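The values are calculated or read from the model by the stated rules, or taken from the named source; none is laboratory data. None of these values were measured; they are calculated from a predicted model. Cβ atoms come from the backbone with ideal geometry, glycine included; neighbour counts cover every protein chain shown.
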Amino acid sequence: MFKKILTFLAILALVLTLIACDKDPEQPKPLPSVDGSAEPGKTEPKPEPSESEKPQVPDPEPGVPAPEGWPKDIPTPVSGEILGGGWIQRIFYTTDIVYKQADIDAYGDRLESYGFKKQKDHKYGKDWPDAQVYSNGQWDVIVAEENDVFDYSYVNFYPLFDVVEDGYDGQPEGWPETGDFGG
């Protein structure tokens, strides 16, 4: 019995040695292409990234000064006049802003340069039918011009709690800890 165990261990050691010797530390050389035109060491250049794959470059313009409480994660518009703002029952931040449709479009482009994406279908249509909504996964930004429903222009910011992990009590930076929450 002892001889069988020693024989088995010797065979196992031999097999493992042969396997270890068989491994080549160098990577295998790639096979030449069918037409033979490929030269070693040369690869095809990577294709240019599409518009959707290009990294976002935030708009370098400084934007108008933000009122107190404006979420730090959200850029301010470059044009228009912000008349103030505040948190409404710790649900969302709202601000009245003086701007026209061209300013709204420019602000939408600015938001997109910061990684926000325009939402075609959104849950705010009933309350704000003429609004444009942008989202970055942490915030929904609603922008709208004066219209039949509202006699002023506005921007609203809704934090999306279900996906937000950082900040005060799990809310995004800019969420007020204390103070006037409005309404």
Exercise. What is the one condition in (1) surrounded by 10 or more Cβ atoms within 10 Å (Cβ to Cβ); (2) at pLDDT below 70 that Tyr107 does not satisfy?
Worked result: (2)
Problem set entry | Complete set of residues in the stretch 91-127 that are under 13 Å from Asn156 (Cα atoms), of a type outside the set (Ser, Thr, Tyr), in a loop (DSSP other than H, G, I, E, B) and in contact (Cβ under 8 Å) with a residue 12 or more places away in the chain | Ile91
Exercise. Here is a list of conditions, (1) at pLDDT below 85; (2) part of a loop (DSSP other than H, G, I, E, B); (3) out of contact with any strand residue (DSSP E or B) (no Cβ under 6 Å at 6 or more places or on another chain), and Asp130 meets all of them except one; can you say which number that is?
Worked result: (3)
Exercise. Looking at this structure, is Gly63 in contact with a helix residue (DSSP H, G or I) (Cβ under 8 Å, 6 or more places away or on another chain) and over 18 Å from Tyr152 (Cα atoms)?
Worked result: yes
